[in-house]
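Before any comments, here is the structure.
Any read-out appearing in this document is the output of simple, stated calculations on the displayed coordinates, not a laboratory observation. Remember, predicted model here, so these are calculated numbers, not experimental data. Neighbour counts run over all protein chains shown; Cβ positions are idealised from the backbone, glycine included.
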Amino acid sequence: MSTAISPFQEEQSLKFFNEINRHLGMRSRDRLVMLVRAVLLNVRRSLSEDQAALVGKRLPRLFRKLFRGDKQCHEAQLSIKHLDELVDTIYREDRKSHSHSLFTSEIDTLNAVILVLNKLDRFFGILQLNVFRYPLMQELRQAAIEEAV
């Protein structure tokens, strides 16, 4: 298996980050990457090892690194069934780092989570893998419909 990044994957990764940045208006590329990492790590924590492996295979190398996180500090698996549980977990963890918080409110966190997950699906098809709990999938689909209207 080749570990080289294809030009297509690199282009898709750049487009992904540019679209996220366009919607969120973040000034720092580092903060943007940290935000995507926060979403990916918590999604990862909500999946079984097999489910996480499926998602990891779908993602380009940069995103796999963000998705896996630091192997030394894997936290306990989460049982996330609903979007609000994922948002609450991410927001609470973000509040712990007062010096460089990524989110200003739970609504801000909700909007960012929906945006990141929908863009990850658009660019890399992660939601088609059917590894997320049904209620969470339904809530993400509904949010995408509401955003399109």
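Odds and ends about this structure:
- Part-to-part distance (alpha-carbon centres) for the stretch 28-68 and the stretch 101-149, which is given in Å: 14 Å
- Cβ-placed point charges (K, R +1; D, E -1), dipole of the chain about Cα centre in debye, nearest 20: 520 debye
- The chain - convex hull of alpha carbons, volume per residue in Å³: 124 Å³
- Value at 222 nm in deg cm²/dmol, rounded to 500, when DSSP H runs of n ≥ 4 in the chain each add -39,500 (n - 2.57): -22000 deg cm²/dmol
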